[in-house]
1. Which count do you get for residues in segment 99-153 that are of a type in the set (Lys, Arg) and in contact with a Leu (Cβ under 8 Å, 6 or more places away or on another chain)?
2. Criterion first (within 22 Å of the chain's Cα centre (by Cα), in the same structural domain as Arg158 (by TED's automatic domain parsing), at pLDDT 95 or above and within 26 Å of Asn162 (Cα to Cα)) does Leu139 satisfy it?
3. For segment 63-111, name all the residues that are farther than 21 Å from Arg125 by Cβ and polar (S, T, N, Q).
4. Write out, first by first residue and then by second, each pair whose Cβ atoms fall under 7 Å of each other, whose residues are 6+ apart or on separate chains, and whose first residue, in segment 95-116, is in the same structural domain as Ala70 (by TED's automatic domain parsing) while the second is outside any strand (DSSP E or B) and polar (S, T, N, Q).
5. Is it the case, given these coordinates, that Thr116 is in contact with an Asp or Glu (Cβ under 9 Å, 6 or more places away or on another chain), within 22 Å of Ala164 (Cα to Cα), among the polar types (S, T, N, Q) and surrounded by fewer than 18 Cβ atoms within 10 Å (Cβ to Cβ)?
6. Would a scan of segment 93-114 turn up a residue that is outside any strand (DSSP E or B) and over 24 Å from the mean Cα position of the chain (by Cα)?
Amino acid sequence: MNRISAPTLTLALVLGLAGGAQAQSGTATKKSKATTEASASRQMLSDQAKGLALAADTTETIDANRLGVAARVLTGRADCEFNLSVDVNPLPDKPGYFQVRFKNASYLMVPEETTTGAVKLLERRSGVIWLQIPTKSMLLDGREGRRLVDACTLAEQRAAVNAADAAADSMATPTAVKN
């Protein structure tokens, strides 16, 4: 019968444990590497999805109805409450597209049809909306559900309000009736 001495047995056990630790360390390294690769793969897919969404947003086709809405958009500098302003300008190389600037932000917007007749420009990526009615315009954060700035008027809107006020004043003033 072969007998293994105690020191040899101890040495074998130590080497066996060390080898197992190395194997476990290698497994942990493989798992860590696999996790890193999976994370990188998810990030790459996320980046691709964002890129596709941005490309779709910026190459969105403008149909005839939207071009009709675009023709009604008032452009130029709108004076707003609290001495703020919003600039609305059409993009010459992209019919139906508008650049709306407020403070340090710039939005690439396209017209949306509404059931009320209001003119609505929307940037899908940020959710920002430029809403224009006959007497005023406003810039909204559609995602947060709040106004960024209100009581904005362009020259045409100010003229319409002044004309309506003048008409209301002339109707309120009684004229003398001669007998």
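The values are calculated or read from the model by the stated rules, or taken from the named source; none is laboratory data. What you see is a predicted model, and the numbers here were worked out from it, not measured in a lab. Quick reminder, even Gly has a Cβ in these numbers, built from the backbone with ideal geometry, and neighbours come from all protein chains shown.
1. Here the count works out to 5.
2. Yes; evaluated as a whole, the condition is true for this residue.
3. If the condition is that a residue be farther than 21 Å from Arg125 by Cβ and polar (S, T, N, Q), then Asn65, Thr75, Asn83, Ser85 are the ones that fit.
4. Qualifying pairs under 7 Å: Tyr107/Ser126; Leu108/Thr58; Glu113/Asn65.
5. So Thr116 does not fit the description; no.
6. no
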